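*Asks:* After the structure tokens below, expect a handful of questions from me.
The values are calculated or read from the model by the stated rules, or taken from the named source; none is laboratory data. Computed from a predicted structure; not experimentally measured. FYI the Cβ positions are ideal-geometry reconstructions off the backbone, even for glycines, and counts take in every protein chain you see. All accessible areas refer to the heavy atoms of the entire protein, side chains included, with ligands and DNA or RNA removed. Shrake-Rupley method; radii C 1.70, N 1.55, O 1.52, S 1.80 Å.
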Amino acid sequence: MWLRNQTSLADFVLEGLFNDSPTHLFLFCLTMVVFLVALSGNTLTILLICVDRGLHTPMYFLLSQLSLMDLMHVCTTIPKMATNYLSGRKSISFVGCATQHFLYLSLGGAECVLLALMSYDRYVAICHPLRYTVLMSRKVALMMALMSWLGASLNSLIHTVILMHFPFCGSRKTHHFYCEYPAVMKLVCVDVTVYETTAHISTIVLLLLPIILVSTSYGFILHSVIEMRSAGSKRNAFATCSSHLTVVSLWFGACIFSYMRPRSQRTPLQDKVGSVFYSIITPTLNPLIYTLRNKDVAKALRRVLRRDFISQ
């Protein structure tokens, strides 16, 4: 029994993204630059929303939660990958792997739910502007955020506990740069067809339900925009939704590519590419999209910078 427990808690081996070639060294440096951009961009967005009173609205509160999720997402995977690459070690402890799996799954699920709920916020703002303060109060926004965090965390905890209780075989080498569900699942040495099918269905539901909510919200928004007589009102409506719609397309597109394909059609390279996109690229682009395409955020940034400049 003691030997079995020791074996079950053995380290995992992460193959990583890069080898020692000059090309991969350049790609590693580029990845670290992207990581720093994601870190600074999301941190700046959170601080800006906290500091500027003009952004103390339900929409920007939800945006701050999205930035927090993106910030935690990149910090869950990239530092460990960089540490392993620079040290030459490729191992991650059993507890570290379980923690990483729980965090990335929680954050990914929370972001799916939050993006869907943010589409409802846009629907209320455009289709029912006079009732916005009632339908989207601070209490409602807080409940939305809690629903995203708690619901996704519970789902992730269940899957993590079940997955990490399976026996693992061989050298425990994963062809990945972090403990992602498909990569770890391949190391299990018992028949998990029933659980894998159940997990696949739950993943599809977790992706499809938010997509349906987003599609429904934007269907009503499009109908309202078509009925607007003013060209300026139409432009404002599209400008209000464009940032969120761009982020939704990037996030759900990457998640569908990574998780809704059958296992037989997956390759380690495709899994890595999909994971890089939604765990590194998307969290980097999100604050840039909202900052560059959102006039309120840009104005708030100028106000804060002007205030700091005058105070000096």
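*Asks:* Please pick out the residue among ILE221, ILE204 that is hydrophobic (A, V, I, L, M, F, W, C) and at pLDDT below 85.
*Replies:* ILE204
*Asks:* Residue by residue through region 143-171, note down the ones that are surrounded by 12 or more Cβ atoms within 10 Å (Cβ to Cβ) and either of a type outside the set (A, V, I, L, M, F, W, C) or under 13 Å from MET59 (Cβ atoms) (or both).
*Replies:* MET144, ALA145, SER148, GLY151, SER153, ASN155, SER156, HIS159, THR160
*Asks:* Right, something else. Scan (1) part of a helix (DSSP H, G or I); (2) open to solvent by less than 30 Å² (accessible area, probe 1.4 Å) for the single condition LEU68 breaks and write down its number.
*Replies:* The one condition LEU68 does not meet is (2).
*Asks:* Looking for something among the polar types (S, T, N, Q), open to solvent by 60 Å² or more (accessible area, probe 1.4 Å) and over 18 Å from the mean Cα position of the chain (by Cα) - is there at least one such residue anywhere in region 172-192?
*Replies:* Taking every residue of region 172-192 in turn, none turns out to be among the polar types (S, T, N, Q), open to solvent by 60 Å² or more (accessible area, probe 1.4 Å) and over 18 Å from the mean Cα position of the chain (by Cα).
*Asks:* If we keep just the residues of region 219-236 that are polar (S, T, N, Q) and in a helix (DSSP H, G or I), which is surrounded by the most Cβ atoms within 10 Å (Cβ to Cβ)?
*Replies:* Within region 219-236, the match that is surrounded by the most Cβ atoms within 10 Å (Cβ to Cβ) is SER224.
*Asks:* Considering only region 86-122, how many residues are open to solvent by less than 50 Å² (accessible area, probe 1.4 Å) and in contact with a Gly (Cβ under 9 Å, 6 or more places away or on another chain)?
*Replies:* Number of matching residues: 3.
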